[in-house]
1. Hey, can you tell me all the residues within segment 9-34 that are assigned to a loop (DSSP other than H, G, I, E, B) and touching a strand residue (DSSP E or B) at 6+ places or on another chain (Cβ under 7 Å)?
2. Check 101, 90 and return the single one that is in contact with a strand residue (DSSP E or B) (Cβ under 6 Å, 6 or more places away or on another chain) and either under 12 Å from residue 16 (Cβ atoms) or surrounded by 15 or more Cβ atoms within 10 Å (Cβ to Cβ) (or both).
3. Given the options 56, 101, 90, name the one that is in contact (Cβ under 8 Å) with a residue 40 or more places away in the chain and closer than 30 Å to residue 114 by Cβ.
4. Give the residue, chosen from 68, 92, that is within 18 Å of residue 40 (Cβ to Cβ) and at pLDDT 95 or above.
5. In the list 55, 83, 49, 72, which residue meets the criterion of being surrounded by fewer than 15 Cβ atoms within 10 Å (Cβ to Cβ) and within 20 Å of residue 21 (Cβ to Cβ)?
6. Given the conditions (1) touching a residue at least 60 places away in the same chain (Cβ under 8 Å); (2) surrounded by fewer than 14 Cβ atoms within 10 Å (Cβ to Cβ); (3) closer than 29 Å to residue 27 by Cβ, and given that residue 122 satisfies all but one, which numbered condition is not satisfied?
7. Within the bounds of segment 38-53, is there any residue that is within 18 Å of the chain's Cα centre (by Cα) and assigned to a strand (DSSP E or B)?
8. For segment 72-84, does any single residue satisfy the condition of being touching a helix residue (DSSP H, G or I) at 6+ places or on another chain (Cβ under 8 Å) and modelled with pLDDT under 95?
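The values are calculated or read from the model by the stated rules, or taken from the named source; none is laboratory data. Because the structure is predicted, anything quoted here is derived from the model rather than measured. Because the Cβ atoms are built from the backbone with ideal geometry, glycine has one as well, and the counts that use them run over all protein chains shown.
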């Protein structure tokens, strides 16, 4: 993969489409400019999965449009075609995650759903 190539990537718990803007061969990473969201990051404490009673129930937002992220080359896959508009992709990723959470009646899913609603308000989507 080369600078300027479009890629699918995973960053923490979110999925994205972005453009490689630079690479660091020694570290085996690339700086990716985010163009679209394919999967919204997960809410909650990742070290205590499915637990609600934790010291800090994390609120995670998706990386923003054109935000740069340093991502291992092993987390990149080529992307063919035109990325969807960022706002549209963000809306879809939040809607998909919301539907997933509503389909599960656990306390953890309810807590994630509540946090996601606060995140949605900040996005204004």
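1. Filtering segment 9-34 down to residues assigned to a loop (DSSP other than H, G, I, E, B) leaves 12-13, 25-28.
Within segment 9-34, 28 is the sole residue that qualifies.
2. Numbers: 101 fails: in contact with a strand residue (DSSP E or B) (Cβ under 6 Å, 6 or more places away or on another chain).
On inspection, the qualifying residue turns out to be 90.
3. Details: 56 fails: in contact (Cβ under 8 Å) with a residue 40 or more places away in the chain; 101 fails: in contact (Cβ under 8 Å) with a residue 40 or more places away in the chain.
Selected residue: 90, the only one of 56, 101, 90 that is in contact (Cβ under 8 Å) with a residue 40 or more places away in the chain and closer than 30 Å to residue 114 by Cβ.
4. On the way: 68 fails: within 18 Å of residue 40 (Cβ to Cβ).
Going through 68, 92 in turn, just one is within 18 Å of residue 40 (Cβ to Cβ) and at pLDDT 95 or above: 92.
5. 72
6. Of everything listed in (1) touching a residue at least 60 places away in the same chain (Cβ under 8 Å); (2) surrounded by fewer than 14 Cβ atoms within 10 Å (Cβ to Cβ); (3) closer than 29 Å to residue 27 by Cβ, residue 122 misses just condition (3).
7. yes
8. No: zero hits.
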